[in-house]
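Participant: Have a look at the structure that comes next, please.
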Amino acid sequence: MLWRRIQRYERRGCYALLAALALSAGPAAADTLQDALVKAYQSNPQLNASRAQQRATDEGVPQALAGYRPQIIASLSAGLQSVRNILPDNSLQTASLKPWQIGVTVNQVLFNGFKTANSVRVAEFQVQSGREALRNTGQGVLLDAVTAYMNVIANQALVETQRANMAFLQETLGIARKRLAAGDVTPTDTAQAEARLSRGRADLNAAEVALQVSRALYEQVIGERPATLSPAQTVDRFIPGTREEVIARSVRENPAVLAATYDVDVATTSISVAESSLLPQLSVQGNVNRQADSDPFLSVKRADQASVTGNLTVPIYDGGTAASQTRQAKELATQSRLVLEQVRNQTQTAAVSAFVTNEGAKIAVAAAQSEVEAAGVALAGVRREAQAGQRTTLDVLNSQQDLIAARARLIGAQRDRIIASYTLLSAVGRLDVRTLGLNTPDYLPEVHYQQVRDAWHGIRTPSGQ
């Protein structure tokens, strides 16, 4: 019987109930939480979109580096020209021309107020910030996958629990009807059993609806419908043991904090970019061109020209635009520092919350385990007493209801315990492929960065698009 199997598993460990019920309806081979995390890491649309966004952010560095490189422009013009001149002696002079001109212009910036150098620094800080934001997104997706996985297991366990409850209530109703026919009980006992059976059907239906919803969410996060899922374990071995260490690691290693730190660097360096507009600009320009048929009245039909020109511009007054942009950049830098402080506070609060939740989940599991064992003993005793005529059918039904409620709380506590451990691991910035040892290559954003950083030309991405 399912109840005996559940009781046997309960005596073996605090996660036995989820294990027994999750595997009771399926074959021995089952997907693990590790398998689900690998699938989510590889195929989750939100995570892949963030990776594409980071690759786009990488392109900001070669765009900034382009400021060091020459700009080359080729030009070509051609057309038809008709000339009609009236000379002083009233004679008419006409000509039909086909003028054309071809040329190449090379412009090289020599000094632009350190704008290029600071723009490169800004772009590189943006890349670093983007990497941390990507890591934060990855942690969120993996945590969502853990939650979806555990919700399916827990809801499946609740469905099996309610089915076993239905079997018990049907058996109790049958016994009540036989005893009513024998005159041992009143019609009230039968009505009470029928009412509890109807409630059991409603509870089973609610559990089945919740299971279908959790399966849909699982498919959304992980990318495929769940098959048979095996029970999961906590990740306590990766978590710091004390509250103080959790706080210290979260402030030091949480990707949200690191991303905000790089955002401060971006905003601070942007001040120098804005100030560059107030400094002199120096460039050199080379030009080579050839033109023909430009003047019908000159004996020269073709002219070649080459020139090299140095240009120095010193801004004197631009209406206050550059000064305003500099002040604006300084205010944005102040804002970024305040945001960093806010993120640190939020991260510290989240870390403390995750730590106490994880510790509380341990107590909740132990308490729920004890409650289930005690409720099981109480139900067995009430049934024996009812058979001896010392208890009513309602006493049996109430005791059964207490046991089912206790089992539901145990299932919820076991689910919350595992999710809480992963949440705490995320709070300290360690919920990733390497820490968990997932069987999948780690996505390394620096690979794409190195592929495009020094690219001088080409419109295809490294992936061939």
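Participant: Sort out for me the helices (runs of 4 or more DSSP H) sitting completely within the stretch 371-465 that have 2 or more residues that are farther than 21 Å from Ala49 by Cα, among the hydrophobic types (A, V, I, L, M, F, W, C) and touching a Cys at 6+ places or on another chain (Cβ under 9 Å).
Facilitator: 393-427
Participant: Give Leu394, Leu410, Leu332 a once-over and let me know the one that is closer than 30 Å to Asn254 by Cα and either out of contact with any Gly (no Cβ under 9 Å at 6 or more places or on another chain) or assigned by TED's automatic domain parsing to the domain that holds Val264 (or both).
Facilitator: Only one candidate qualifies: Leu332.
Participant: Residues of the stretch 133-150 being surrounded by fewer than 20 Cβ atoms within 10 Å (Cβ to Cβ) and farther than 28 Å from Asp263 by Cβ, which ones?
Facilitator: Thr147
Participant: Related question: Can you run down the residue pairs with Cβ atoms below 7 Å, 6 or more apart or on separate chains, where the first is in the stretch 36-48 and on the phi > 0 side of the Ramachandran plot and the partner is at pLDDT 95 or above and among the small types (Gly, Ala, Ser)?
Facilitator: Short answer, once both residue conditions are applied: none.
Participant: Could you tell me which of the residues Thr234, Thr269 is modelled with pLDDT of 95 or more and either touching a helix residue (DSSP H, G or I) at 6+ places or on another chain (Cβ under 7 Å) or over 25 Å from Ser119 (Cβ atoms) (or both)?
Facilitator: Details: Thr234 fails: modelled with pLDDT of 95 or more.
None of the other options fit; the residue is Thr269.
Participant: Run down Arg225, Arg196 and say which single residue is over 30 Å from Ala427 (Cα atoms) and either of a type outside the set (Asp, Glu) or buried (at least 18 other Cβ atoms within 10 Å of the Cβ) (or both).
Facilitator: Going through Arg225, Arg196 in turn, the sole match is Arg196.
Participant: If you don't mind, there's one more thing I want to ask. Just one of (1) aliphatic (A, V, I, L, M); (2) at pLDDT below 90; (3) buried (at least 18 other Cβ atoms within 10 Å of the Cβ); (4) part of a helix (DSSP H, G or I) trips up Ala260, so point out which.
Facilitator: (2)
Participant: Would you check which residues across the stretch 347-387 are more than 21 Å from Arg417 (Cβ to Cβ) and among the acidic types (Asp, Glu) and list them?
Facilitator: If the condition is that a residue be more than 21 Å from Arg417 (Cβ to Cβ) and among the acidic types (Asp, Glu), then Glu385 is the only one that fits.
Participant: In the stretch 180-192, is there at least one residue being at pLDDT below 90, of a type in the set (S, T, N, Q), part of a loop (DSSP other than H, G, I, E, B) and under 18 Å from Gln34 (Cβ atoms)?
Facilitator: no
Participant: Can I ask one more? Kindly provide the set of residues from the stretch 59-86 that are closer than 30 Å to Glu124 by Cβ, of a type in the set (Val, Ile, Thr) and free of Cβ contacts under 8 Å to residues at least 60 places away in the same chain, ordered by number. Steps first, answer last, please.
Facilitator: Restricting attention to the stretch 59-86, the residues satisfying the condition of being closer than 30 Å to Glu124 by Cβ are 59-73.
Now drop any that are not of a type in the set (Val, Ile, Thr), which leaves 61, 72-73.
Once the filter is applied, which keeps residues that are closer than 30 Å to Glu124 by Cβ, of a type in the set (Val, Ile, Thr) and free of Cβ contacts under 8 Å to residues at least 60 places away in the same chain, the stretch 59-86 yields Ile72, Ile73.
Participant: For Thr94, which of the numbered conditions (1) modelled with pLDDT under 90; (2) hydroxyl-bearing (Ser, Thr, Tyr); (3) under 30 Å from Met150 (Cβ atoms) fails to hold?
Facilitator: If we test Thr94 against (1) modelled with pLDDT under 90; (2) hydroxyl-bearing (Ser, Thr, Tyr); (3) under 30 Å from Met150 (Cβ atoms), just (3) comes out false.
The values are calculated or read from the model by the stated rules, or taken from the named source; none is laboratory data. Since the model is a prediction, treat every value here as computed from it, not as a measurement. No Cβ is skipped: glycine too gets one built from the backbone with ideal geometry, and neighbour counts run over all protein chains shown.
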